[in-house]
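Visitor: Below are the structure tokens for one structure; questions will follow.
The values are calculated or read from the model by the stated rules, or taken from the named source; none is laboratory data. Being a predicted model, the structure only gives us computed values, none of them experimental. A quick note on method: Cβ atoms are made from the backbone with ideal geometry, for glycine too, and the neighbour counts reach across all protein chains shown.
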Amino acid sequence: MTAEAATAQPALEVRGVSKLYGGLRAVADVSFTVAPGEVLGIAGPNGAGKTTLFDTITGHTIATEGEMFLGGTPIRGTKIHHRCRLGLARTFQHPVAAETLTALENTYLAASFRRGREGRSRSGDVAAGRAALQLVGLEHQAMTVASLLPVYDQKRLMLATALATNPSVLLLDEPFGGLNPNEIDDTVALLQRLRGGGLAIVCIEHVMRALVALADRVLVMHHGAELFLGTPDAMMRDRQVVEVYLGASGGGAA
Amino acid sequence: MSDLLLDVRGLRAGYDRAVVIHDLDLAVEPAKTAVVIGPNGHGKTTMLRAIAGLLQPWAGEVTLDGRRVDGEPAERIAGLGVVHVMQGDGLFAGMTVEENLLMGSFLGSSWRGRREALRRVYQALPLVEEKRAQKARTLSGGERRLVGLGRGMMRPARLMLIDEPSLGLAPVAIEAVYAALADLRKESEAAVLLIEENFTHVGGIADVVHVLEAGAIIRSGSYAELSTDETIVQTYLGALPEAGR
Amino acid sequence: MIGGLGSLTAGRWLLIGLGVLIAAVFPLVYTNPYYMTIIVTAEIILILNISWNFILGMAGVWNFGQLAIYALGAYGSGYIMLHYTSVPVAIAIVLGGVLSAGISFLLAIPTLRLFGIYTSLLTFSFAQVVQYTALNDPHLGFSDEGLTGGSFGYPAVPGLFPDYGQEAYLRAYYWVCLGVIIASCFAVAWLRQSHLGYALRSARDAPAYTAARGVDLRAARIAAFVLSGFLAGVAGALYLSFNQSFTTSQMGLTPMSIDVTMLVIGGLGTVTGPIIGTAIVTAIQTKLINYPGWTLTVLGAALLVIVIFVPGGFVGLFSRVNRRISTWVSEGDEPPPGDPEPDQRLVA
Amino acid sequence: MTDVVAILANGFIYGSIYGLVAIGMTLIYGTLRILDMSQGSMVMAGSYVGWWALAEHGVNALVALVLAFIVTFILGTATELVSVQPLINRAKEVDLEMVTFITTFAVAILITNLALQHFGPFQKNVPVIVSGHVELVKGVTISYHELTMAGISIVLMGSLGLFLARTRWGLAVRAVAQDLDAARSMGVPVTRLYPLTMGLASALAGVGGVFLGGLYFASPTAGDQPLLFALIVVVLGGLGSLTGTIYAAYLVGLIQAFTEVRYGTTWTLTILYAAILAILLVRPYGLKGSPSEARL
């Protein structure tokens, strides 16, 4: 990540975001920025507040405090669909799509709300939808109804519909969960290509091998708060991270 | 072979066609404590839910005391002496602590027997007795784990399945939970199958440790052997840290 | 071009053309007044069912107030026919539809703030208020027969073909209703493949996902309410015009249960479903006319069997791949406290 | 002055009977998370049992009530097994809450029309449980039948509350309502508990049916009005909240008594449903209900 990319307008800025359920602080005062083309990994044990943090950014849950900016524009309080049209796309932990529609109908619908779409032209939207399917290698499944797709294809379709909205920031919730090794490698290669095109990516993941290969920086969360924010190498040497993951002795590591 | 309390062979399970557990074998001897560790997202809870009957396994055999139980509903498996302390806490939020504990002995014998079990749990876990009249939803994370554990102790068990007791707890709360676990093991001769993401606390209670990665057991051994084993670090941190070598 | 009317194969077009032809020629061949009256009434009920199928089946909004909207269309157009005789009856019927569309819009605003069973309860309550208000209306004292004529029935209105002989009258209404049916079927088929149609079907299958892909769920569903309300209003106006009266017995539990059975048997959410369902149930009703109680027993049993054992139709359509995500569709709907990462536990 | 006494007395009577019918619906929603639309037809069934036992066979009142309890208990259990249980194990592909609104509705149609065929469409007079009446204040009389109805309703509601709070099976019902998986791992036999819960709820409505039969009559449509009133009470009280249901029942009873005295019986349902519309606009989950609190 070159120097000037850091000083340019961050694609996504999160400042002091918290989420409280009664007395429980699911997310506690988390802040970070992601520059265009940068990949930020989010790690941490179960119950650390990762998905809840995502939900506050995308609007599926209301943040109790804190501000969020997408390419400089504040998005706190805006509706979910507005945030998407401004360039924020997300995937879900479980592959989900409009299951009675075909793959192409799914990406067409998403493409019809894509960022920077000029004029109402159905053929333009259909073409954008087909392009998104090609990006993830699903063009051969264009006419298949989503519920009939195998699980890996459903995961790729969910990614395709996110990309069809031409996002500037892509939030991924465990994209590698349940994938076998070469499926992981394909997905990592695809994400590397996308970031090359200037897409900012924030990725929650447990599969460390993939996260470490992909992320420029990693935010480790524990009890809803930031435990560590830095490069993957520094993460592996950080005493606190190793303790939370491995416990005191940390095996042969620290 | 038949002297095994729990014998899992070729277990295969998952959600909505997403396979999470691939061909898993696991054995637990009577009165012994087996611990299964592994990073999140690799199927620990799914394995436990399949054994407990909350999830229908797609393939494989689960034998308890020599009797096939895979495919049986959770309520019948519970009847065979299996106590399942669930992830998070699985408490009944709208009911008081004492009501939760009484539910633990739903399969218990008489009214008097349940009162006796209640007295025993209060003696073992004074904090739980202190909070007995409070609604479960008002408890903190650590308190909920202790009540969950206490509820598990309310009826005699052949096998206890315990799901990540230290999940999301502050260190001091983890100490209290593991201390209670250690006492429990001393006085009851139930076998324990415990899954945990955090590796260090299990030292005191684990007779054997298994490492679960990507839905299958990849290594087994005593706590001492595994704590210096490099594959553990590999599984957890994805790559061997240069500095550590 | 995805889907769209163009995607219908030549065979399908031939079938549709043949069906329309047979339907059009039918009254020239068959003129028994008793059965023709039943058929025209069935046509009007079919128009109502097409409108209900669009909001309930395609948009996936649990609206149980459709019969009240249908009735308000009748009362609205009747009022115009009675008090503004200069307005041609056909316009009055359309205005009845416009009135119902407006009321559906007003009903949509509160309904779409609710989730799950509460949508059904709110719309069901709306229908009860309309029914009981109309029932007691003659005692309201506006004028001796009130606005709706209550259970005695709306006062006689001229209707479309006031001076036709019985046979010509039946045939004229048959063709008018047939025209409305064909137009609304094509409209629904076109809508289903339109941008709005895809948005509605996607919102029905997975609300949280669809909102995250840029669809304004509220706006799309309000549009569905208004369109289905208009068609229901036209159906109500046609019923009043054809029968020269409209009683509150058109609303209420019994007619609603018959209509739901028609939709379910025909296959909810499909374009042809209402046609098949209305035809089958009307045939059953006519056959069992002289065995009181048998009709609804058979229909009740049929409804139960089909909903439970026919995975394809109704049951499969309302699948919630992951109900937990879809209940978080809009802000403010928080997961139960003390359960910060419900999704995390699903995998491991 | 007499109006106030009449309103309070009638309100108390109506509130008790609506409470009895509605509490069954809340019990079912609390445990099964479904709205049982067949509850009205259970009231109708109860009124026919009352007619059969009291009018046809001159059985004594208590036996008639017990008989109604048993008959509707069996009917309710059968309803669950036919219209809900087959759908439960398909929870993945089916929206249980919505579809059972239709299937229980279908059962109501079925039972209503079976009664229509068997007993004919004409209203049947059901003798009162106990005859005679008492004059509270000049011009305001309450029949002993109504008083016993209110009394027994309160006793039944009270014992349901005690059952849920104190007994082993009562705790199990509440546990199932709050965390199904946890309850199953305690050994609670859920596949038996669901039908029995629906049976119990229907039995309460059945007993209510005998009383309502005595007040009005037994007929195939005897269940429609009670269903509409029970829906109002359940929505007002917040689905799944027992105490909310009891408060709402007496509130609805008072409103009905008030409108009857002031405007005559015609406008009662209209006003009540208008109240429901207003409530749902302001509090989308009913007076006491809220998403996470819909627990017993």
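Visitor: Hey, can you tell me all the residues within region D:88-121 that are within 11 Å of chain C (Cβ to nearest Cβ) and either exposed (fewer than 14 other Cβ atoms within 10 Å of the Cβ) or part of a loop (DSSP other than H, G, I, E, B) (or both)?
Guide: Correct list: D:Arg90, D:Ala91, D:Lys92, D:Glu93, D:Val94, D:Asp95, D:His118, D:Gly120, D:Pro121.
Visitor: Of the residues that make up region B:153-160, is at least one part of a helix (DSSP H, G or I), over 13 Å from the mean Cα position of the chain (by Cα) and of a type outside the set (A, V, I, L, M)? Talk me through it step by step, then tell me what you get.
Guide: Just the residues of region B:153-160 that are part of a helix (DSSP H, G or I), to begin with: none.
No, there is no match, as no residue in region B:153-160 is part of a helix (DSSP H, G or I), over 13 Å from the mean Cα position of the chain (by Cα) and of a type outside the set (A, V, I, L, M).
Visitor: Now, a different point. Suppose we keep only residues that are of a type outside the set (Gly, Ala, Ser) and more than 7 Å from chain D (Cβ to nearest Cβ) within region B:74-90. Which one would you say is farthest from the chain's Cα centre (by Cα)?
Guide: Going through region B:74-90, the residues of a type outside the set (Gly, Ala, Ser) turn out to be B:75-77, B:80, B:82-87, B:89.
Subset that is more than 7 Å from chain D (Cβ to nearest Cβ): B:76-77, B:80, B:82-83, B:85, B:87, B:89.
On the way: B:Arg76: 18, B:Ile77: 15, B:Leu80: 16, B:Val82: 11, B:Val83: 9, B:Val85: 6, B:Gln87: 8, B:Asp89: 11 Å.
Checking each candidate, the answer is B:Arg76.
Visitor: Out of region A:204-240, which residues are away from chain B (no Cβ under 13 Å) and within 16 Å of the chain's Cα centre (by Cα)?
Guide: Correct list: A:Asp216, A:Arg217, A:Leu219.
Visitor: Then there is this: Only residues in region A:87-104 that are more than 7 Å from chain C (Cβ to nearest Cβ) count as the first member; pair them with residues that are of a type in the set (Ser, Thr, Tyr) and surrounded by fewer than 24 Cβ atoms within 10 Å (Cβ to Cβ), Cβ under 7 angstrom, at least 6 apart or cross-chain, and list the lot.
Guide: Here the result reads A:Gly87/A:Ser168; A:Leu88/A:Thr58; A:Thr102/A:Thr144; A:Ala103/A:Thr144, each pair linking region A:87-104 to a residue that is of a type in the set (Ser, Thr, Tyr) and surrounded by fewer than 24 Cβ atoms within 10 Å (Cβ to Cβ).
Visitor: OK, next. Here are the criteria: (1) at pLDDT 90 or above; (2) away from chain C (no Cβ under 14 Å); (3) closer than 21 Å to D:Ile28 by Cβ; (4) touching a Gly at 6+ places or on another chain (Cβ under 6 Å). Tell me which single one D:Gly244 does not satisfy.
Guide: Against the list (1) at pLDDT 90 or above; (2) away from chain C (no Cβ under 14 Å); (3) closer than 21 Å to D:Ile28 by Cβ; (4) touching a Gly at 6+ places or on another chain (Cβ under 6 Å), D:Gly244 comes up short only on (1).
Visitor: Can you tell me which residue within region D:267-296, out of those that are modelled with pLDDT under 75 and away from chain B (no Cβ under 14 Å), is surrounded by the most Cβ atoms within 10 Å (Cβ to Cβ)?
Guide: Within region D:267-296, the first condition is being modelled with pLDDT under 75, and the residues that meet it are D:283-296.
In the following step, the residues that additionally are away from chain B (no Cβ under 14 Å) were identified as D:283-287.
Details: D:Arg283: 14, D:Pro284: 19, D:Tyr285: 22, D:Gly286: 24, D:Leu287: 17.
Among those that are modelled with pLDDT under 75 and away from chain B (no Cβ under 14 Å), it is D:Gly286.
Visitor: Could you tell me whether region B:213-222 includes any residue that is in contact with a His (Cβ under 6 Å, 6 or more places away or on another chain), at pLDDT 85 or above, outside any helix (DSSP H, G or I) and more than 13 Å from chain A (Cβ to nearest Cβ)?
Guide: There is at least one residue in region B:213-222 that is in contact with a His (Cβ under 6 Å, 6 or more places away or on another chain), at pLDDT 85 or above, outside any helix (DSSP H, G or I) and more than 13 Å from chain A (Cβ to nearest Cβ).
Visitor: Grab the helices (runs of 4 or more DSSP H) fully contained in region C:191-298, keeping just those with 3 or more residues being closer than 30 Å to A:Ile57 by Cα and free of Cβ contacts under 8 Å to residues at least 40 places away in the same chain.
Guide: Details: elements: C:195-205, C:207-212, C:217-243, C:253-266, C:273-287.
Per the criteria, C:195-205.
Visitor: Would you please name the residue that is farthest from B:Ser110 (Cα to Cα), looking only at residues in region D:148-178 that are without any contact (Cβ under 8 Å) to a residue 24 or more places away in the chain and surrounded by 22 or more Cβ atoms within 10 Å (Cβ to Cβ)?
Guide: Among those residues, the one meeting the criterion is D:Ala175.
Visitor: Follow-up. Conditions: (1) at pLDDT 90 or above; (2) crowded, with 21+ Cβ neighbours inside 10 Å. D:Ile74 meets all but one. Number of the miss?
Guide: (2)
Visitor: State which residue is farthest from the chain's Cα centre (by Cα) when the search covers only region C:252-296 and only residues that are within 12 Å of chain D (Cβ to nearest Cβ) and on the phi > 0 side of the Ramachandran plot.
Guide: Per the stated criteria, the residue is C:Gly293.
Visitor: Collect the residues in region C:84-129 that are hydrophobic (A, V, I, L, M, F, W, C) and away from chain D (no Cβ under 14 Å), keeping them in residue-number order.
Guide: If we filter region C:84-129 for residues that are hydrophobic (A, V, I, L, M, F, W, C), which is where we start, we get C:87, C:89-95, C:98-99, C:101, C:103, C:105-109, C:112, C:114-115, C:117, C:121-122, C:124, C:126-127, C:129.
Answer for region C:84-129, where residues must be hydrophobic (A, V, I, L, M, F, W, C) and away from chain D (no Cβ under 14 Å): C:Val87, C:Val89, C:Ala90, C:Ile91, C:Ala92, C:Ile93, C:Val94, C:Leu95, C:Val98, C:Leu99, C:Ala101, C:Phe105.
Visitor: Looking only at region C:248-263, count every residue that is under 11 Å from C:Asn49 (Cβ atoms) and β-branched (Val, Ile, Thr) and tell me the total. So that I can check it myself, show each step before the final result.
Guide: Here is the first cut: in region C:248-263, the residues under 11 Å from C:Asn49 (Cβ atoms) are C:258-263.
Retained after the next criterion (residues that are β-branched (Val, Ile, Thr)): C:258, C:260-261.
Residues meeting the conditions: 3.
Visitor: Also: Can you spot a residue in region A:16-25 that is modelled with pLDDT of 90 or more, under 12 Å from the mean Cα position of the chain (by Cα) and surrounded by 22 or more Cβ atoms within 10 Å (Cβ to Cβ)?
Guide: The answer is no; no qualifying residue exists.
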